[in-house]
Amino acid sequence: VKKDEVVDMSAGGIHHSWEENKEDYPLGNVLYEIQLDAMDPVSTLRSFDQGKIKNDGSIRPIQIEDYFEFLDTDPGHNKTNSNISCPDGVVLCKTRHYSLDRLKISTQLKETTNNSFVHLYVKEGSLKVVATDGEVFVGAGHSCFIPQEVGEYSLENIGEECIVLKAYI
């Protein structure tokens, strides 16, 4: 997958979320992943975990038997071309469960929650989020959750143009 490509994994899928090439990718890769309301132990089958150690010193469990039981080896279901896109507009992905937009903010942008929570991830630049009860500054690589009840809010870039990923129902 190339930079800025979108992979719709709403039907399920397999992914790696690290890079082995420390010279070209010293910080690994960044994977912005949206999943339904289920914690990792319920929603994820791990067949390999590169030896991740939890804070308590234990190793995250892997589910090799389950992985091979549920793995769909039908070649027709494993064609990634139909699930990968590189959209250049605002809407990056729209599924029956959620939507993901890319906002380019160069001036103040007024938004509403439209009966949904909103999750903002600042991909580039810095952002000021202003709502009736306050404001918060969010830098690149960080995110902000806006509850549905907020209603109206505005987004203001701090300095240069800001790129924000907006997830909502």
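The values are calculated or read from the model by the stated rules, or taken from the named source; none is laboratory data. Fair warning: this is a prediction, and the values are worked out from it, not measured in the lab. All Cβ positions, glycine included, derive from the backbone under ideal geometry; neighbour counts span all protein chains shown. Keep in mind that these areas ignore ligands, DNA and RNA; they rest on the heavy atoms of the full protein, side chains included. Shrake-Rupley method; radii C 1.70, N 1.55, O 1.52, S 1.80 Å.
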field: Failed condition for K123, given (1) in contact (Cβ under 8 Å) with a residue 12 or more places away in the chain; (2) open to solvent by 70 Å² or more (accessible area, probe 1.4 Å)
entry: (2)
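Is the stretch 52-65 home to any residue that is of a type outside the set (F, W, Y), in a helix (DSSP H, G or I) and modelled with pLDDT of 80 or more?
Residues of the stretch 52-65 of a type outside the set (F, W, Y): 52-65.
Of the ones still in play, those that are also in a helix (DSSP H, G or I) are 64-65.
Applying the additional criterion that residues be modelled with pLDDT of 80 or more yields 65.
For the stretch 52-65, residues of a type outside the set (F, W, Y), in a helix (DSSP H, G or I) and modelled with pLDDT of 80 or more: present.
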Any chance D37 is out of contact with any Leu (no Cβ under 9 Å at 6 or more places or on another chain), at pLDDT below 70, outside any strand (DSSP E or B) and open to solvent by 100 Å² or more (accessible area, probe 1.4 Å): yes
field: Selection status of K110, over 19 Å from the mean Cα position of the chain (by Cα) and open to solvent by less than 50 Å² (accessible area, probe 1.4 Å)
entry: no
Near pairs, Cβ below 8 angstrom, 6+ apart or cross-chain, from the stretch 80-99 (aromatic (F, W, Y)) to any residue that is open to solvent by 40 Å² or more (accessible area, probe 1.4 Å) and at pLDDT 80 or above: Y98/Y168; Y98/I169
- request: Could you please find all residues in the stretch 88-98 being assigned to a strand (DSSP E or B) and open to solvent by less than 40 Å² (accessible area, probe 1.4 Å)?
  value: L92, C93
field: Filter result (in contact (Cβ under 8 Å) with a residue 40 or more places away in the chain, more than 18 Å from L92 (Cα to Cα) and surrounded by fewer than 16 Cβ atoms within 10 Å (Cβ to Cβ)) within the stretch 142-169
entry: E152, S154, E161
- request: Take the stretch 66-87 and flag every residue that is at pLDDT below 75 and within 20 Å of V164 (Cβ to Cβ).
  value: S85, C86
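For E65, indicate whether it is of a type in the set (D, E), open to solvent by 50 Å² or more (accessible area, probe 1.4 Å) and within 26 Å of K3 (Cα to Cα).
So E65 does not fit the description; no.
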- request: Could you figure out which of (1) touching an Asp or Glu at 6+ places or on another chain (Cβ under 9 Å); (2) hydrophobic (A, V, I, L, M, F, W, C); (3) closer than 20 Å to V91 by Cα isn't true of A131?
  value: (3)
